[in-house]
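Asker: One structure coming up, written as structure tokens, with questions to follow.
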């Protein structure tokens, strides 16, 4: 009997959190297939080389086909969903898919797409990182909506903590407590990976902090971006800033006339979005981090690093009131946090259980029936 598990992945961020589950599942004798929506080009990720997938890998679309706008993403979603069923059936027998686990992760539009496709194929939809809620329908958008819709389809909910479990009290199917977020396993794996980014060793040896700002709701507010950059420039006078340039961040800074100014500022180190394993080393060696990324919030909590989360609400409880400060709407909180960051240094999380092992053990039982 083939013990097939189908992983539906859209973004590299999802892949980062799911690949430890795939590794553990393959160790347990399961055949892991990866269906990529194409929201990100997963073939460019070093993780794919480390994964050594024992099943099939198929792409439903190409990232280059997506116009970088909300309308472009919606059009891509509709077009990809329409052809998904036919394309999947070119690779997999419909009978094999029926009743098999279809694993989706997180809160992207690909998460919801994968859940819908899984239900259409009569798979058992399994949601990793289930139950996180901000309790604000449009903040973050569209993540909160994606999670709510995915939870209505999923029949196995892998929840990372007690709060997430409580949010799933009315969910259909089974709720499994994974104790931690799977990013903790990803972090453990990253510690043994060598650096691949040119010049990174020299940067890691410096005294620096990190700025990550890539969320649409922040970057769409031009005045907010200008004010944040001005505050960061003031802080960077005494400690170098490593600014991670996502494509959307770079584009916005260029349109605002800030990019060339920052490139010529000797207090800034501008890096394109780097390999995940290298990025974890950048975060780990930083004095503190200012970010609007939810996954960064989790990673920094597990590292014990001071973190200012540039969001007014968050669906993640990790680190809040411990190492993490939530942006309160006052731009001056950036300066106060930078001046007092040592108050938020905590001991890194001691891992007692592996969430990826908990999930893969459950999947093995499912495929053995």
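What follows is calculated from the coordinates using simple rules that are stated; it is not laboratory data. Quantities reported herein were computed from a predicted structural model and do not represent experimental measurements. Ideal geometry is used to build each Cβ from the backbone, glycine not excepted, and the neighbour counts take in all protein chains shown.
Asker: Quick one: Debye curve from the C-alpha atoms of the chain, no solvent, what's log10 I(q)/I(0) at q = 0.11 Å⁻¹?
Answerer: Evaluating at q = 0.11 Å⁻¹ gives log10 I(q)/I(0) of -0.76.
Asker: Counting only Cα atoms, I'd like the Rg/Rh figure for segment 200-344, Kirkwood definition for Rh.
Answerer: Ratio value, two decimals: 0.92.
Asker: Further question: Please rank 136, 33, 214, 105, fewest neighbouring Cβ atoms within 10 Å first, as an exposure proxy.
Answerer: Listing 136, 33, 214, 105 from fewest to most nearby Cβ atoms yields 136, 214, 33, 105.
Asker: Could you work out how far apart the two model spin labels at residue 287 and residue 73 are, taking each label as a point 7 Å from the Cα in the direction of the beta carbon, and quote it in nm?
Answerer: Result for the modelled spin labels: 3.4 nm.
Asker: In percent, how large is the relative contact order of the chain, given Cα pairs closer than 8 Å and 6 or more residues apart? List each step's numbers first, then the result.
Answerer: Details: 653 pairs, mean separation 59.4, N = 369.
Once divided by the residue count of the chain, the mean separation gives 16 percent.
Asker: Then there's this: Take every Cα pair under 8 Å in segment 200-344 that's 6+ residues apart, average their separations, divide by the length, and report that relative contact order as a whole percent.
Answerer: Relative CO of segment 200-344 lands at 25 percent.
Asker: Taking the 0 to 90 degree range and rounding to the nearest ten, how far is the long axis of helix 276-285 tilted relative to the main principal axis of the chain, both from C-alpha atoms?
Answerer: That works out to roughly 40 degrees.
Asker: On to the next question. Sorting 337, 224 on the 10 Å Cβ count, fewest up front, what's the list? Don't jump to the answer; show the numbers that get you there.
Answerer: Details: 337 19, 224 15.
Result, fewest neighbours first: 224, 337.
Asker: So for the pair residue 87, residue 353, with labels modelled 7 Å out along Cα→Cβ, what separation do we get in nm?
Answerer: Spacing of the two 7 Å Cα→Cβ label points: 3.7 nm.
Asker: So, one more: Enter the Cα centre distance for the pair segment 43-105 and segment 299-363, rounded to the nearest angstrom.
Answerer: Distance between centres, Cα-based: 31 Å.
Asker: Please give the Cα centre distance for segment 185-202 versus segment 132-168, rounded to the nearest Å.
Answerer: Taking the Cα centre of each part, segment 185-202 and segment 132-168 sit 31 Å apart.
Asker: Oh, and also: Helix 143-153 versus the longest principal axis of the chain: what angle, 0 to 90°, nearest 10, using Cα atoms?
Answerer: Roughly 10 degrees between the two axes.
Asker: Counting only helical runs of four or more DSSP H residues, what would the 222 nm mean residue ellipticity of the chain come to if each run contributes -39,500 (n - 2.57) and the total is spread over all its residues?
Answerer: After summing the helix terms and dividing by the residues of the chain, the value is -13000 deg cm²/dmol.
Asker: Helix 70-91 versus the longest principal axis of the chain: what angle, 0 to 90°, nearest 10, using Cα atoms?
Answerer: The answer is roughly 30 degrees.
Asker: Arranged by the count of other C-beta atoms within 10 angstrom, fewest first, what order do 232, 83 take?
Answerer: Fewest to most other Cβ atoms nearby, the residues stand as 83, 232.
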